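Data first, discussion second: the structure below is written as structure tokens.
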Amino acid sequence: MNKILEVKALEGGYTNVQILNGIDLYVNKGEFVTIIGPNGCGKSTFLKVLFGLATHHKGTVLYNNSDVSGWRTDRLVDQGISYVPQVDNVFPSLSVRENLQMGGIRLNSKKLKNSIERACNMFPDLQERMNDLAASLSGGERQMLAISRALISEPSFLLLDEPTAALSPKYQQEIIANIDELRMEGISVLLVEQNARLSLERSNRGYIFSSGKVIHTSSAKNILNDPNIGDYFLGLK
Ligand SMILES: Nc1ncnc2c1ncn2[C@@H]1O[C@H](COP(=O)(O)OP(=O)(O)OP(=O)(O)O)[C@@H](O)[C@H]1O
Ligand SMILES: [Mg+2]
């Protein structure tokens with residue numbers, strides 16, 4: 001199958017610290033892939049290295065078969081990659097509309113208008129809040145705004161870091177369903193998630209990280225049905 005992302009023996013982290021100790025991972029075009037693992041094991045760092053926000057030390061990152069290892073964020077955005085961070089993913093002092101406009105800073109005004117319209121179709125709640133400050137949104141609405149903003153650049157590959165953290169179960173379900181919809185529209189998705197079961201139920205495949213390494217990978221179905229992994233990582237105990 002055609003891979004949108006292929007990571008080989010990736011090492012990376014921050015200027016003088018290595019957090020990722022040789023990650024091998026791929027995402028096929030049109031796939032929804034979930035990464036799970038304990039706190040501090042390097043999940044966020046991995047997404048940040050992929051998006052040029054943390055340091056690439058060694059190894060290869062192929063995107064659409066081109067080597068983009070160590071590329072800067074703006075170049076990666078131009079290639080169709082977008083990213084929703086785990087924290088601080090909206091500008092609280094800007095309105096919803098201004099937040100969305102920030103996501104399309106590189107688009108011309110007509111394209112930007114269309115993109116904002118598309119985002120509002122996906123999250124109708126946002127439409128009603130366009131002129132409100134992002135600070136006034138609920139946690140769930142903020143995540144919707146953060147995802148919408150990431151979509152404004154019309155990505156073909158979306159990196160999401162714990163989009164359901166601290167949300168009510170209703171919003172958690174809704175956000176994951178929205179992400180699944182994006183996949184059905186043709187966007188490939190790589191998601192880091194604490195709510196492992198919720199996300200794996202919609203995913204094609206999963207990876208389990210520990211101490212900056214992949215310790216297991218399989219189809220999402222296998223992971224969900226594996227009693228050893230399931231009990232520990234899916235919070236069933
Ligand atoms: N800016 C930074 N500089 C140096 N070390 C950092 C930085 N950010 C994170 N780390 C360290 O990198 C390691 C991995 O952190 P990371 O945030 O990637 O883990 P995580 O798997 O996303 O955890 P969580 O599930 O809590 O979000 C941790 O030891 C953390 O302290
Ligand atoms: Mg994290």
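The values are calculated or read from the model by the stated rules, or taken from the named source; none is laboratory data. Nothing here was measured: the structure is a model prediction, and the numbers come from that model. Glycine gets a Cβ as well: all are built from the backbone with ideal geometry, and neighbour counts include every protein chain shown. Each accessible area value is taken on the protein alone, full model and side chains, heavy atoms only, with ligands, DNA and RNA left out. Shrake-Rupley method; radii C 1.70, N 1.55, O 1.52, S 1.80 Å.
Only one of the listed residues (37, 42, 70, 13) is more than 13 Å from ligand 2 (Cβ to nearest atom) and open to solvent by less than 30 Å² (accessible area, probe 1.4 Å). That residue is 13. For the structure I just gave you, tell me whether residue 203 is in contact (Cβ under 8 Å) with a residue 40 or more places away in the chain, on the phi > 0 side of the Ramachandran plot and of a type in the set (Ser, Thr, Tyr). So residue 203 does not fit the description; no.
Any idea which residue in segment 73-92 is surrounded by the fewest Cβ atoms within 10 Å (Cβ to Cβ), counting only those that are within 16 Å of ligand 2 (Cβ to nearest atom) and either assigned to a strand (DSSP E or B) or in contact (Cβ under 8 Å) with a residue 12 or more places away in the chain (or both)? Going through the qualifying residues, I end up with 86. Of note, residue 53 satisfies the criterion of being assigned to a loop (DSSP other than H, G, I, E, B) and of a type in the set (A, V, I, L, M, F, W, C).
Of the residues that make up segment 64-80, is at least one more than 25 Å from residue 198 (Cα to Cα) and within 16 Å of ligand 1 (Cβ to nearest atom)? Checking segment 64-80: at least one residue is more than 25 Å from residue 198 (Cα to Cα) and within 16 Å of ligand 1 (Cβ to nearest atom). Candidates in segment 1-50 are the residues that are among the hydroxyl-bearing types (Ser, Thr, Tyr) and in contact (Cβ under 8 Å) with a residue 24 or more places away in the chain; of these, the one that is nearest to residue 180 (Cα to Cα) is 34. The residue of segment 93-129 that is surrounded by the most Cβ atoms within 10 Å (Cβ to Cβ), among those that are within 14 Å of residue 141 (Cβ to Cβ) and of a type in the set (Gly, Ala, Ser), is 119. Given the criteria under 17 Å from residue 35 (Cβ atoms) and either open to solvent by 20 Å² or more (accessible area, probe 1.4 Å) or in contact with a Phe, Trp or Tyr (Cβ under 7 Å, 6 or more places away or on another chain) (or both), does residue 194 qualify? Here the answer is yes, as residue 194 does meet what is asked.
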